[in-house]
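Let me begin by presenting the structure, written as structure tokens, before commenting on it.
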Amino acid sequence: MTNGQGTYHFPKGFLWGTATASHQVEGNNLNNNWSAWEEAGRTVHKSGLAADWWGGRWREDFDRAAETGQNAHRFSIEWSRVQPTPDTWDEDALEKYRAMLRGLQERKMTALVTLHHFTDPLWITEKGSHGSGQGWESDEIVPAFEKYVRKVVDALKEYVNLWVTINEPNVYALSGYVVGAFPPGKKDLKLSMKVMANLLRAHAAAYRTIHELQPLARVGYALHYRPMVPRLKWSPLDRLMRNIRYNGINMAFPSAISTGVMKSPVGNQSIPEAKGAQDYLGLNYYSVDTVWFDITRPGELFSNSGYPKGADLSDTNFLANIPEGIFDSIKWIERTYPNLPILITENGVEDSDDHLRPRYLAQHLHQVWRAVNFNWQVKGYFHWSLVDNFEWERGWTQRFGLWGLDLDTQKRIRRPSVDLYAEICKENGISSEMIQKYCPEVFEKIFPG
């Protein structure tokens, strides 16, 4: 590199993709816990047609991804479509997913398939129903999930050998059972840890089942990892709150995979079958939290969090652009599981007019490149997301897509980040020319000197 000019290249065979999830893009999902949550008025908007993937619009979106240099895509299977009742399987739904996987294969794209991404069939969540009752609070969920995984993997294994068992189990348990923003909207820390333990057991059962059906498959889960810092480093209370919150949010799954014991704020739990149940770790990284002691928040164990003053914030202040955090997250994985392959399964930012996304994307990928340069085992990057999608309780207020979506017409809107990411994917690297063209404001940070 001379005079701040040059290219940071990634290893040969690096996976470049985007990530999506069934309920967020398919549309007309009417048989799961989130459709019921929307009907109950617990979301800002309804998902409606979403990006109309169930109606076939995945084809044009896969075309866009392939044409812009992506060689991989992560999407999820909707359990409620595949198993609409405890005793029925919908073979037509499975055939639709097979068609999507063939579509990726025809476009020479590697599939990464998620088996559970926040949504459950209504029959799983309804109390006293024939089936698992009470969802993830009940121990019956583990055999129910294992049965679903067996059916799906058996049907799709011809096209997939990279699996995510469960997406962000920590977010599922905390948002649904502590914060109350996700269904079922409870606020019970002890119950959330029971749910987390069942998610771990289900992950371990799925891990074994997939390897039984497909010995060469690579199986992991996607962890929402939040690096955290105390607001005042000298304050023992801020440091304590940071540690409690960090362990409560980040460490339940990793501790059990490492040792067979799930660590939690309400006590440790032995889950021996979880030990070692991963072939790679999926990292979902978005930002870093600043944490402090707050006496007015007993329900949050007296802790509060936010972003530093002057942070580079997204549209609704939901995220701060803190790229060093993705490097620190990869470093944590490398130290916890030396030489374990790592996939960045999600990373992105809400940005309807695309003013922040180019620098967010470039700066985060520069940090990923730094990690790869240490020979840390990062094998791929999946940007969230390919096209604007339904962002859970926040509805359509956040736009994470490289491509925008006009909800009235289903028209896709090409944002400048499409072209930046395309150049990165095709080059298998980040060049000084790209940064000058798309986000010159961070040129000195990425190409100093």
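Values in this text are rule-based calculations from the coordinates and carry no lab data. All figures in this text were calculated on a predicted structure; none of them were measured in a lab. FYI the Cβ positions are ideal-geometry reconstructions off the backbone, even for glycines, and counts take in every protein chain you see.
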Problem - Estimated inter-spin distance, Lys411 and His355, nm [label 7 Å along Cα→Cβ] - result: 2.3 nm
Fill in the blank from the handout: In Å, the C-alpha Rg and Dmax of region 11-410 are 19.9, 60
Problem - region 11-410 - share of DSSP beta bridges that are antiparallel (%, nearest 5) - result: 20 percent
Exercise for the section: Let me know the charge dipole size of region 11-410 about its Cα centre in debye, to the nearest 20, where only the beta-carbon of Lys, Arg (+1) and Asp, Glu (-1) is charged. Expected result: 1480 debye
Practice task
Calculate the radius of gyration of the Cα atoms of region 198-265 to one decimal place, then report Dmax, the largest Cα-Cα distance, as a whole number, both in Å.
Solution key: 16.2, 53
Handout entry: Distance in nm between pseudo-label sites at Gln105 and Leu301 (7 Å out along the Cβ direction from Cα)
Key = 4.6 nm
Completion exercise
In Å, the C-alpha Rg and Dmax of region 282-389 are 15.4, 45
Completion exercise
Per the 1/(1 + (r/R0)^6) rule, R0 = 56 Å and r from the Cβ atoms of Arg42 and Leu216, FRET efficiency to 0.05 is 0.85
Problem - GluC sites (Glu not before Pro) restricted to DSSP loop in region 112-183 with at most 12 other C-beta within 10 Å - result: Glu158
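Normalising by the residue count of region 11-410, find the relative contact order in percent from Cα pairs under 8 Å and 6+ residues apart.
Over region 11-410, the number comes to 17 percent.
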Handout entry: Cα lying deepest toward the dipole's positive end in the chain, options Pro448, Leu283, Ala99, charges on Cβ
Key = Pro448
Handout entry: Modelled FRET efficiency - R0 22 Å, Lys309 with Glu444, Cβ distances, 0.05 increments
Key = 0.50
Exercise for the section: Work through the residues other than Asn29 whose Cβ is under 11 Å from its Cβ and net out their charges, Lys, Arg +1 and Asp, Glu -1. Expected result: -1
Problem - Length released on extending from Trp234 to Ser270, taking residue separation times 0.36 nm less the Cα-Cα span - result: 9.4 nm
Exercise for the section: Report, by chain and number, residues whose modeled amide H sits under 5 Å from the one on Asp188, excluding near sequence neighbours (fewer than 5 apart, same chain). Expected result: Val178
Handout entry: Extreme residue, positive dipole direction of the chain, given options Gly348, Val142, Thr259 (C-beta unit charges)
Key = Thr259
Practice task
List the residues of region 289-321 whose backbone N lies under 17 Å from a point placed 7 Å from the Cα of Lys331 along the Cα-to-Cβ direction.
Solution key: 289-290
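At a Förster radius of 25 Å, what calculated FRET efficiency corresponds to the Cβ-Cβ distance of Asn375 and Glu324, to the nearest 0.05?
0.85
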Practice task
Compute the separation of the alpha-carbon centres of region 319-358 and region 389-449 and state it in Å as a whole number.
Solution key: 15 Å
Exercise for the section: Give me the distance between the Cα centres of region 235-298 and region 130-199, rounded to whole Å. Expected result: 18 Å
Handout entry: Cβ crowding within 10 Å averaged over residues, with 206-212, 361-367 ranked highest first
Key = 361-367, 206-212
Handout entry: Selection from Tyr360, Ala111, Leu407 lying farthest towards where the dipole of the chain points positive, charges on Cβ
Key = Tyr360
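All other residues with a Cβ under 11 Å from the Cβ of Thr119 taken together, and with Lys, Arg as +1 and Asp, Glu as -1, what is their net charge? Don't skip to the end; give the middle numbers.
Numbers: positive: Arg81; negative: Glu26, Glu78, Asp120.
Summing Lys/Arg as +1 and Asp/Glu as -1 gives -2.
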